[in-house]
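Heads up: the structure comes next, in structure tokens.
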Amino acid sequence: MLDVAPTELLVLGVVALLVIPPKDLPKAMRLAGQWIGRARGMARQFRSGFDDMIRESEFQEMEKKWKAENERIMRDFPPTADQAALMAPVPQDDPAELAGDSSAVMVEQPKVAIAPKPKPKPRAKAAATRPAAKKPAAKRAKP
């Protein structure tokens, strides 16, 4: 899109030196860098949005193809009774039937008490870990 050759960049730099005073040149370069960064960010955002739109349309096309192919396979190979029996859900085993007693009673398990977590010990104060500062000789208490 915006292809700038190194020679064109050099010409722009020379023109900038001639037009912009040297004391204002750093500010101008910083401002130009900010504008270029914003332009690149906008271009990147536009490109990613465009790529997302293309990706979504490709997914929709693939889903249509898969659906058509699935319908063709189901028409060519209809499910038989044996396959339907294999694909049927398996009933869950009843604990009463497994025990052989139809009058089985479920027994509630006793609840286990969980001990609370011990509280962490408070840390010693920072002043207690530092050595005591010596008092000047003039301020010491006399015995």
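Looking across the stretch 1-31, the residues that are more than 30 Å from R47 (Cβ to Cβ), assigned to a helix (DSSP H, G or I) and open to solvent by less than 100 Å² (accessible area, probe 1.4 Å) come down to V14, V15, L25, P26. Going through the stretch 73-94 one residue at a time, which ones are surrounded by 10 or more Cβ atoms within 10 Å (Cβ to Cβ) and modelled with pLDDT under 65? Selection gives D94 alone.
The values are calculated or read from the model by the stated rules, or taken from the named source; none is laboratory data. Owing to the predicted nature of the structure, the values given are computational and were not obtained by experimental measurement. Note that each Cβ is placed from the backbone with ideal geometry, even for glycine, and that neighbours are counted across all protein chains shown. In case anyone asks, the SASA skips ligands and DNA or RNA and just uses the protein heavy atoms, side chains included. Shrake-Rupley method; radii C 1.70, N 1.55, O 1.52, S 1.80 Å.
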